[in-house]
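These notes are about the structure you will find just below.
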Amino acid sequence: MTTSKKKTVFLAAVLILVLAAAIAVDAALPSYHIVIKVIKKGTVYALVAVSMNLLNGFTGLFSLGQAGFMLLGAYAYGVLTIPVAKRISVYQYFDGGAIQFSLPEIFESFLGKTVGTTVGMLLALLVGGLLAALMAWLIGLPVLRLKSDYLAIATLGFAEILRAFFQWNALGPITNGSNLLKSYPDFEHATSYIILAGLMIAFIVLLINSTYGRAFKAIRDDEVAAEAMGINLAKHKRMAFIISSFFAGIGGGMLAMYNGTIAAAPFKSAMTYEILLIVVIGGIGSITGSILASYLYIFSAEWLLRGLDSGKFLFINAPAVFKNGFRMVVLSVIIMCIVLFFRKGLMGDKELPDLLGRRPKARNKEVVGK
Amino acid sequence: MSANVLKVENVTMQFGGVVAVDNMNLEVNEGEIVALIGPNGAGKTTAFNVITGVYQPTNGAVWFQGEKIVENHPQGKMKKLYKGQNDGTYTHVLAPTPDKITQMGMARTFQNIRLWKSQTVFDNVLIAKHCRTHTNFLSAALRLNRKEEAAQRAHVEELLKTVGLYDVKDELATSLPYGKQRRLEIARALATEPKLLLLDEPAAGMNPQETDELTAFIGEIRDKFKLTVFLIEHHMDLVMDISDRIYVLDFGKLIADGTPEEIQNNQRVIDAYLGVAEDA
């Protein structure tokens with residue numbers, strides 16, 4: 001068997017294993033169980049981290065607007081899926097809001113309960129993604145002329161503006177102002193999350209390995225050479241930005257689903273940093289790294305280290321030390337250790353199947369070009 | 001249509017007070033190998049950058065295959081400066097980006113090698129084929145372009161065999177020895193299917209043997225791919241061996257042009273290279 005075949009088989013095996021495990025966990029545990037919660041949130045973060053990696057890791061555009069695009073996706077999902085009957089209580093300060101339809105209910109009427117709701121939910125997610133993509137196209141026009149840190153600052157600013165904008169009272173009939181959106185449907189099973197995010201991540205991976213993905217990598221490695229070889233910089237940067245934002249939007253919708261409520265406040269720059277952290281820990285330029293790091297991060301932050309906040313961690317009972325906030329101290333130390341000992345992240349720029357075979361290595365480093 | 005592939009017309013490139021290229025006029029005819037030589041800092045690479053669209057010239061136009069591809073004639077402040085030269089009649093600006101010019105059929109290499117460092121030899125050449133793809137990102141990601149992709153890969157393999165890099169195709173580009181990196185850059189430029197190949201000091205940093213190989217190689221690819229070659233070079237052996245015609249640039253001005261024999265015997269060229277004696 002050739003190495004590439006081995007890699008494919010290995011990857012397929014891992015995927016099947018993950019799916020089987022997810023189904024088993026779903027069957028064994030109730031949906032409010034912490035394991036399900038961790039898997040769901042980890043999956044959402046994996047999708048968003050991979051979308052960020054597409055832009056930051058593969059195209060070399062340092063953008064920090066992820067939270068803004070997620071916010072758009074989250075709101076689109078919430079606004080379009082809250083059942084009509086519940087709108088009056090959700091939008092209690094805005095007379096039931098301006099929008100009086102719900103996509104899942106529309107599709108329910110002619111596709112039946114289960115299928116209709118699912119189609120409506122997926123469509124709402126898609127709308128969120130498209131909205132984020134549209135916004136990316138708009139702000140990409142001026143912002144993508146900037147380079148490195150300047151681009152990061154501009155996109156960060158955009159995300160913050162968007163967050164403030166969504167809390168604006170005048171938009172209340174749609175966004176509910178600074179009040180919560182709630183009562184919208186959620187996928188009960190972690191498997192649904194995994195399949196949904198998995199399909200989208202698969203698309204990103206396929207894109208990265210296609211001719212366009214290669215062009216993105218060329219832009220990352222050397223912009224001048226890329227342009228001289230006929231790659232339209234503006235077009236490809238915009239494309240990467242829009243695609244990345246599209247998936248961030250869908251990720252935002254899924255995060256809203258998972259949380260059960262939507263407010264603009266949590267979509268702060270801190271959320272972008274969280275995702276950036278995951279991308280860096282996983283390895284900039286490694287899809288599997290991002291996925292692995294998301295689960296690890298969510299697992300430690302949401303579950304493993306929770307006890308550090310509430311007095312009891314593993315078998316140690318020390319309420320005097322383990323007070324609120326201690327979790328973040330430990331998490332920070334762990335992150336620092338990872339960054340110190342894994343300079344290029346857990347996976348570097350390798351993917352999981354690469355661990356099987358030898359990759360091309362720079363043999364004689366001294367002749368590396370200027 | 002004229003027989004010249006490249007025509008540079010009154011091109012001036014100014015950076016602040018420095019005139020890097022001063023009113024340059026030159027022509028490269030189809031199938032020729034033309035060299036642009038000159039002492040360090042004469043403005044050779046600047047001329048290349050104007051031709052390939054990296055810089056917008058302060059004044060002048062560039063024609064490629066009978067079509068005007070770059071044009072800028074002074075406006076505003078510059079218009080005053082150039083008044084009299086062009087009678088202030090031109091205000092037209094035509095400034096395509098380098099990628100468009102490459103797509104028209106002009107490809108270049110760089111003086112300081114600019115390969116994509118994290119990519120293999122094969123991928124470096126394959127990426128250059130990207131500008132010739134017709135698929136959109138959706139069909140590319142969903143693998144609906146298998147035929148095109150396979151054709152491109154086959155073409156890249158053939159190209160790598162031609163330039164003698166097929167056996168190292170899976171190595172990282174930057175792990176190759178210097179001479180092979182130069183070859184790879186040429187292969188990458190060829191992958192964009194050019195009519196005109198611009199080589200910016202292809203023999204820089206090469207030893208005499210490598211230079212000889214390169215000389216033969218440039219001739220080979222010119223015949224094989226029916227190219228026109230325009231090159232900048234310092235190695236006089238190489239230039240005199242393969243050039244049909246030579247232009248000599250000194251302090252931004254063209255001081256001579258002609259066949260290698262004519263250039264070798266041109267007093268102004270000799271002065272420019274060796275300097276003029278104080279009392280001469």
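Observations on the model:
- Verdict on A:Ile106 being closer than 15 Å to A:Pro83 by Cα and either surrounded by fewer than 18 Cβ atoms within 10 Å (Cβ to Cβ) or at pLDDT 90 or above (or both): yes
- Screening B:His134 against (1) within 25 Å of B:Leu196 (Cα to Cα); (2) at pLDDT 90 or above leaves a single unmet condition, (2).
- Residue in the range B:162-176 that is within 13 Å of chain A (Cβ to nearest Cβ), of a type in the set (D, E, K, R) and crowded, with 22+ Cβ neighbours inside 10 Å present: no
- Any hit, the range B:222-241, residues being under 25 Å from B:Val18 (Cα atoms), of a type in the set (Ser, Thr, Tyr) and assigned to a strand (DSSP E or B): no
- The lone criterion from (1) crowded, with 20+ Cβ neighbours inside 10 Å; (2) free of Cβ contacts under 8 Å to residues at least 24 places away in the same chain left unmet by A:Thr191 is number (2).
Here's the yes/no breakdown for (1) in contact (Cβ under 8 Å) with a residue 24 or more places away in the chain; (2) under 30 Å from A:Ala24 (Cα atoms); (3) within 14 Å of chain B (Cβ to nearest Cβ):
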residue	(1), (2), (3)
A:Gly140	yes, no, no
A:Phe166	yes, no, no
A:Gly198	yes, yes, no
A:Ile201	yes, yes, yes
A:Ser210	no, no, yes
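- Within the range A:16-37, residues that are within 22 Å of A:Ala202 (Cβ to Cβ) sit with their Cβ atoms under 6 Å from residues that are outside any helix (DSSP H, G or I) and of a type outside the set (A, V, I, L, M), at 6+ positions apart or across chains, in these pairs: A:Asp26/A:His189.
- Some residue of the range B:180-201 being among the polar types (S, T, N, Q) and assigned to a helix (DSSP H, G or I): yes
- Residue match in the range B:76-85 (condition: modelled with pLDDT of 85 or more and either more than 14 Å from chain A (Cβ to nearest Cβ) or outside any helix (DSSP H, G or I) (or both)): no
- B:Arg183 being under 19 Å from the mean Cα position of the chain (by Cα) and more than 9 Å from chain A (Cβ to nearest Cβ): yes
- Residues of the range B:1-31 classified as within 15 Å of the chain's Cα centre (by Cα) and not in a strand (DSSP E or B), total: 2
- All told, A:Leu340 falls short of being of a type outside the set (Lys, Arg) and in contact with a Gly (Cβ under 7 Å, 6 or more places away or on another chain).
- Being in a helix (DSSP H, G or I), in contact with a Ser or Thr (Cβ under 7 Å, 6 or more places away or on another chain) and surrounded by fewer than 24 Cβ atoms within 10 Å (Cβ to Cβ) is a property that A:Lys6 lacks.
- Residues in the range B:148-161 that are within 11 Å of another protein chain (Cβ to nearest Cβ), charged (D, E, K, R) and within 23 Å of B:Ile186 (Cβ to Cβ): B:Arg153 alone.
- Hey, A:Val127 crowded, with 17+ Cβ neighbours inside 10 Å and at pLDDT below 90 or not: no
- Single unsatisfied condition, A:Ile16 versus (1) touching a helix residue (DSSP H, G or I) at 6+ places or on another chain (Cβ under 6 Å); (2) closer than 28 Å to A:Ser244 by Cα; (3) surrounded by fewer than 21 Cβ atoms within 10 Å (Cβ to Cβ): (1)
- Screening the candidates A:Tyr184, A:Tyr193 for the property of being out of contact with any Leu (no Cβ under 8 Å at 6 or more places or on another chain) and in a helix (DSSP H, G or I) yields one hit, A:Tyr193.
- Members of the range B:93-147 found to be small (Gly, Ala, Ser) and either at the interface with another protein chain (Cβ under 7 Å from one of its Cβ atoms) or without any contact (Cβ under 8 Å) to a residue 12 or more places away in the chain (or both), listed by number: B:Ser118, B:Ala128, B:Ser139, B:Ala140, B:Ala141
Every residue, every condition in (1) closer than 13 Å to A:Val279 by Cβ; (2) polar (S, T, N, Q), yes or no:
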residue	(1), (2)
A:Ser31	no, yes
A:Ile34	no, no
A:Ile39	no, no
A:Val48	yes, no
A:Leu54	yes, no
A:Met70	no, no
A:Gly73	no, no
A:Val84	no, no
A:Ser89	no, yes
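- Unmet requirement for A:Ile275, which otherwise passes all of (1) more than 14 Å from chain B (Cβ to nearest Cβ); (2) touching a strand residue (DSSP E or B) at 6+ places or on another chain (Cβ under 9 Å); (3) hydrophobic (A, V, I, L, M, F, W, C): (2)
- For the range B:202-235, the set of residues classified as within 23 Å of B:Arg114 (Cα to Cα) and basic (Lys, Arg) consists of B:Arg222 only.
The values are calculated or read from the model by the stated rules, or taken from the named source; none is laboratory data. Note that the structure is predicted; figures quoted are calculated from it, not measured. Backbone-built Cβ (ideal geometry, glycine too); neighbour counts: all protein chains shown.
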